[in-house]
Amino acid sequence: LQKKVTGTDIPSAQYGGRHGVTMLPGGGIGPELMGYVREIFRYCGAPIDFEVIDIDPSTEGNDDLEYAITSIKRNGVALKGNIETKSQSLTEMSRNVAIRNELDLYVNVVHCKSYPGIPARHKDIDIVLIRQNTDGEYAMLEHESVRGVVESMKVVTVDNAERVARYAFEYARQNNRKRVTTIHKANIMKLSDGLFLEVANRVHKDYPELEHNNMIIDNTCMQAVSNPHQFDVMNMTNLYGTIVSNVICGLIGGAGLISGRNYGDHFAIFEPGTRNTGTAIAGKNIANPVAMINASIDMLNHLGHKEHAKVIYDATYHTIVNDAIRTPDLGGNHSSTDVVANILKILSAKRVN
Ligand code: ATP
């Protein structure tokens with residue numbers, strides 16, 4: 001799909017069948033989660049060589065950031081934790097946003113699928129959230145026009161609205177989905193969200209076999225918590241996308257389970273779906289490692305290492321669903337390392353080399 005929709009091809013940084021991948025651990029729980037991924041990859045012989053780059057959030061300069069972007073451009077692919085933005089300086093933009101913008105990662109995909117038996121507010125959810133990843137309120141163009149009056153620009157462009165809508169419809173077509181719902185607030189933001197909706201309606205004409213409806217963001221949040229099963233594929237602007245992703249990930253088990261994928265025409269970044277830093281739980285051996293492990297599985301699939309992806313997925317699934325080895329966020333009383341040890345135990349029975 002990436003190749004067809006976004007032009008992304010399997011990256012070329014292969015040496016002896018191995019892939020170089022940039023690893024950006026970020027802050028909070030990021031470094032410990034990356035440690036678990038490396039342990040699992042080592043254990044099952046996943047042919048990935050990580051280039052680890054730590055971005056220090058307390059520095060004002062952008063040297064680390066530029067190094068990270070250069071590395072991703074070289075490798076084509078990154079696995080990423082959340083990078084904190086400590087500085088409140090107006091000139092200091094979020095490094096997470098800067099990376100997505102610089103690499104033109106215009107679409108974010110979060111597949112929210114329930115795990116059986118995991119305590120959750122709704123069962124059997126299977127929704128694909130497709131979010132515009134570079135426009136909207138994240139333009140970070142704010143200024144105080146006169147004292148006490150602050151203006152913030154929300155940018156919607158035809159090109160990016162079209163690229164994300166086309167991705168959503170193409171995803172639905174290729175994955176036998178039935179309906180795309182475009183989320184907006186075009187009743188109030190008539191020009192910006194109006195354009196996003198108008199473009200989605202136009203792109204839909206190329207996909208007549210699919211149903212397309214639209215829903216206002218506030219009603220979407222209410223519908224998501226009361227009747228989430230009505231949603232299939234969602235096409236969203238940047239800010240609505242992050243809100244809805246958090247609501248729906250929350251419905252099926254929280255921040256520690258689901259992964260997110262960011263694609264552009266040339267590069268891809270894999271990360272936990274809700275992009276949390278988890279500063280308060282860092283270093284306590286309680287963070288759920290599953291969302292980052294799922295992100296690493298997405299990355300293996302993207303690179304074509306399907307067999308390694310499958311054994312790690314099966315071992316992780318078995319650990320939390322069948323063996324019920326779960327961290328406290330999922331109602332369990334196991335540690336992060338208990339979860340990883342169980343995954344390794346399962347993998348030891350079926351090594352892939
Ligand atoms: P900040 O950047 O200030 O840390 P945030 O918006 O990134 O904030 P967090 O506070 O990091 O959000 O995360 C939101 C909630 O999700 C917190 O209660 C956090 O403990 C929880 N959380 C995030 N990731 C995980 C995880 N992997 N396992 C368990 N809980 C998690």
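No lab work stands behind these numbers, since they all come straight from the coordinates. Small disclaimer: the values here were computed from a predicted structure and weren't measured. Glycine gets a Cβ as well: all are built from the backbone with ideal geometry, and neighbour counts include every protein chain shown.
One table, with the values for the structure above:
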quantity	calculated
Efficiency of FRET between THR337 and GLU211 - r from beta-carbon atoms, R0 30 angstrom, step 0.05	0.05
Rounded, prolate or oblate (a/c below 1.5 giving rounded, otherwise prolate when a/b exceeds b/c) for the stretch 165-289 by Cα gyration tensor	prolate
Three-way shape call for the stretch 205-267 based on the alpha-carbon gyration tensor, with the a/c threshold at 1.5	oblate
Proximal charge balance of GLU39 [Cβ under 13 Å; K/R count +1, D/E count -1]	+2
Neighbourhood charge, 10 Å Cβ-Cβ cut-off, centred on THR242 and excluding it, Lys, Arg +1 and Asp, Glu -1	+1
Nearest-0.05 FRET efficiency for ASN322 and ASN301, computed from C-beta distance (R0 35 Å)	0.95
HN-Hα J in Hz across the stretch 186-193 - Karplus 6.51, -1.76, 1.60, θ = phi - 60°, x for Gly and Pro	6, 6, 10, 8, 5, 7, 6, 5
Cβ-derived FRET efficiency at R0 30 Å, MET140 paired with SER58, nearest 0.05	0.90
Relative contact order [Cα under 8 Å, 6+ residues apart], the stretch 130-289, whole percent	23 percent
For GLY26, distant residues with modelled amide H under 5 Å away	ILE55, GLY81
Mean Cβ neighbour count within 10 Å, used as a protection proxy, ranking 131-142, 153-164, 207-218 highest first	131-142, 153-164, 207-218
Whether the stretch 275-334 is rounded, prolate or oblate, judged on the alpha carbon gyration tensor where a/c under 1.5 counts as rounded	oblate
For the stretch 325-331, Karplus couplings with θ = phi - 60° (6.51, -1.76, 1.60), whole Hz, Gly/Pro x	8, 9, 6, x, 4, 9, x
Segment SER94-MET153, extension gain: residue separation times 0.36 nm, minus the distance between their alpha carbons	19.6 nm
Beta bridges per DSSP with both ends in the chain, % antiparallel, nearest 5	50 percent
Cα centroid of the stretch 221-257 to Cα centroid of the stretch 160-212, whole Å	17 Å
The chain: calculated mean residue ellipticity at 222 nm from DSSP helix runs of at least 4, using -39500 (n - 2.57)	-12000 deg cm²/dmol
Phi-based couplings in Hz for the stretch 126-140 (Karplus 6.51, -1.76, 1.60; Gly and Pro marked x)	8, 10, 9, 9, 10, 10, 5, 10, 10, 9, x, 5, 7, 4, 6
Segment THR70-SER226, length gained on full extension (0.36 nm per residue, minus Cα span)	51.7 nm
Mean separation of Cα contacts under 8 Å (6+ apart) over length of the chain, as relative contact order %	22 percent
The stretch 226-351, relative contact order in percent, only Cα pairs under 8 angstrom and at least six apart counted	20 percent
